[in-house]
Amino acid sequence: MSDTEESQRILEVLSRARSEIERLKRPKDQRIAVVGMAGRFPGAESVAAFWEMLRDGVCGVRDLTEGELLEAGVPRSEFEKSDYVRRFASIENPTHFDASFFGYAPGEADVLDPQHRVFLECAWTALENAGYDPSQYDGRIGVYAGAALNSYLVNLHNDRKTRESVNQVQAVVSNVMGLMPTRVSYHLDLKGPSCGVQTGCSTSLVAIHNACRSLLDGDCDMALAGGVTIGQATPEGYLFEEAGIASPDGLCRAFDAEGKGTIFGNGVGIVVLKPLEAALADGDDIRAVILGSAINNDGSDKVGLLAPSVNGQADAIRQAVKRAGIEPGSISYVEAHGTATELGDPVEFMALDQAIGDGLAQDGSRCRIGSVKTNVGHLDAAAGVVGLIKTVLSLQHKQLPPSLNFSKAHPQIDFEARPFQVNAELSDWVDGSGHRRAGVSSFGMGGTNAHVVLEEAPERTAEAATEREWHLLPLSAKTESALTNRQSLLIDDLTERTRPLADVAFTLQVGRQAMKHRRVVVCQAGEELREQGETKVVDAVGSPVFLFSGQGSQYPGMTRQLYEREARFRECIDECDEILGSSLDLKKLLYGDADASELKKTENAQPALFAVEYALAQLLLDWGVKPVAMIGHSLGEYVAACLAGVFELKDALELVRFRGEVMQNCDSGAMLAVATDEAGVQP
């Protein structure tokens, strides 16, 4: 064997060894937690409103009035045609944008693709929903997302005034889909991967899959994943075309005999993801768990490029279930792609049955299916994430909302013979396997298929903790009116939902970015906040300064509650007590049955005050309150010097103890305070 061949063999062995080492280093737990969600949907401008709409079986697609159509510029001759469908699926004001919030001038914002605008706002909301402020988070946050076909750039180009006044590079940068995730990373200062995805209708679910793989590979510690579609911004209907995929009446009837197509709409959705182990360790609010996901392409196994494939879809579902490490029979619900097209629904049903049907039948189980497109229409690049958000909400509430417009099965779908049924009514999600599990499918035009397997969040035992009597709820915003609105929203939320006030305070303190206009609400309970919030709002001040007082402020029992309830404060007092040792029983002096007169003695008062002030400062530092300066009066100067690192705690305590003893042995004196300036006391 030549030296070259030997070297090549060694390199190959080393490469395989390295790959094996990397594999062993990967976390054994491949589960991903959903720790935050945000979205805007036709008929629901928030995730909370979205659940109410789903639960109540409401369709967010609305009828258009004649006045709306005329205002949108639709000719009467067109919308009065018999085949014109006067239905519109959209979020409210799809082109609106809080430009100043993100630092955009009005002219810059006008050029920006509405999909970029809406997604950027939603990303901010999603991170707040997860309880994270990127500036306070040490890990890397990635962004994986995609948008629908951009028609806005064409509109800009067709407008002569805009075409001549706008820089071409600016126009491109403001409209290229691949730059949408990086725009989020820039404005939110996110340092993880930022990747655009475009696979047609499956875009956002593919983005979620990619985000999960990135988290498991260690490319980032947290990820935003989702999609957005702003296609038709003005309220217009459409002309129905035979053999097309658009519904003849604007209703999506998934898996129904009358299903003739879907309706396209505008919307956005984002989920925040973290490895489950990290989410549990960090105390995150886990909404659901992704057990596994898979993506693939149909290849040429179909009649045409845009046609669906039974084998391709089935393989994606099988691979996701295999990666999840569960039995197919344990899945009790599938959020289907469900477009209600004459070809699409039967193919999807056959693929689902091929993938998990036999497993369900062997277990004697039945799996319910549904489609969120019956509520909000087909949201194209956002369709997959919207279906996933619906399923996560269903797991959280342990209810399956109705899939609308279903009365009789599609003639090519035999629900009676196979272990599936359309969930046509609101029902409790009862699962005998011990774990509520679901699948979410999204299949792209062109053949890129995605499937995600979800499980309900693990039950968490509340940690035993001493509840503080009072809590500080910091609020901030970029304008005074926005700040007032935030306070009102907080009051409404606390009065409508029961949750530990300590958790709310923690999230507001470390999970929100501090902005120019600030207030602090001091409260004991949500009811008190509602009743007395206005009287307890304090304008925030600038950077903090620690001021330490001198002797004379001490009294028996001071800081007893802090010692009992705050671990950091208790640690510091205990440390000081240990240092002082037999020369002074600090804890007895402060919290015990020592004679009150003992604390008036200078030799005792000074070390006691020093210990209390030192422990208070350390507690504030532990809470994240960092002073820009420290000053002290008399004894307080020693505390400030110790915290500033002039000398060690042990040395400071011994010095203060000695100082107190020396002063105690001095002759009695008196102090005089004169309320005047220096000239007034000159002889």
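Of note:
- Residue 521 long-range amide H proximity, modeled H, under 5 Å: 473, 475
- Percent antiparallel among DSSP beta bridges (both partners in the chain, rounded to 5): 65 percent
- Between residue 136 and residue 595, the modelled labels are 4.8 nm apart [label points 7 Å from Cα along Cα→Cβ].
- Listed by Cβ neighbour count within 10 Å, with the fewest neighbours leading, 10, 573 appear as 10, 573.
- Rounded to whole Hz, the Karplus (6.51, -1.76, 1.60) HN-Hα couplings of region 257-267, x for glycine and proline: 4, 8, x, 10, x, 10, 10, 8, x, 9, x
- For residue 516, the lysines whose Cα comes closer than 17 Å to its Cα, not counting residues fewer than 8 places off in the same chain, are 478.
- In this structure, the amide hydrogen of residue 439, modeled 1.01 Å from its nitrogen in the peptide plane, lies closer than 5 angstrom to those of 333, 334, 335, 454, counting only residues at least 5 positions away or on a different chain.
- The separation of region 404-455 from region 173-216, counted between C-alpha centres, amounts to 28 Å.
- Cα gyration tensor category, rounded, prolate or oblate, for region 335-431 with a/c compared to 1.5: oblate
- Simple spin-label estimate for residue 495 and residue 16 in nanometres, 7 Å along Cα-Cβ: 7.0 nm
- Gained length - residue 101 relative to residue 5, 0.36 nm times residue gap less alpha-carbon distance: 28.4 nm
- Shape of region 584-683, Cα gyration tensor, a/c cut at 1.5: oblate
- Cα gyration tensor, region 32-456 - rounded (a/c under 1.5), prolate or oblate: oblate
- For region 586-683, trypsin sites (Lys or Arg not before Pro) meeting the loop criterion (DSSP other than H, G, I, E, B) and having at most 16 other Cβ atoms within 10 Å: 601.
- Within-9-Å neighbourhood charge of residue 313 [Cβ basis; K, R +1; D, E -1]: -3
- Using alpha-carbon coordinates, inclination of helix 310-324 to the longest axis of the chain, degrees: 20 degrees
- Distant-in-sequence amide contacts of residue 515, defined by a placed amide H-H separation under 5 Å and a gap of 5 or more residues or a different chain, comprise 477.
- Based on Cα contacts under 8 Å between residues 6+ apart, the chain shows a relative contact order of 13 percent.
- Mean sequence separation of contacting Cα pairs (under 8 Å, at least six apart), scaled by the length of region 545-664, corresponds to a relative contact order of 39 percent.
- Neighbour cut-off at most 14 other Cβ (10 Å), DSSP loop, trypsin sites (Lys or Arg not before Pro), region 68-135: 81
- Set of region 607-648 residues, backbone N closer than 17 Å to the point 7 Å along the Cα-Cβ line of residue 522: 620
- When the pairs 322/398; 28/322; 28/274 are compared against a 18 Å limit on Cα-Cα distance, 322/398 fall above it.
- Each residue of region 149-157 was assigned a 3J(HN,Hα) from its phi angle through the Karplus expression (A = 6.51, B = -1.76, C = 1.60, θ = phi - 60°), giving 3, 8, 9, 5, 4, 5, 4, 4, 5 Hz with x at Gly and Pro.
- Take the Cα of residue 397, go 7 Å toward its beta carbon, and the backbone nitrogen atoms of region 44-71 under 14 Å from that spot belong to 44-60.
- Here the label points at residue 342 and residue 582, each 7 Å from Cα along the C-beta direction, are separated by 10.0 nm in the simple model.
Just so you know, all these numbers are worked out from the coordinates, no wet-lab data involved. Keep in mind that this is a model prediction, so the values were computed, not measured. In this analysis, Cβ positions are derived from the backbone assuming ideal geometry, glycine residues included, and neighbour counts consider all displayed protein chains.
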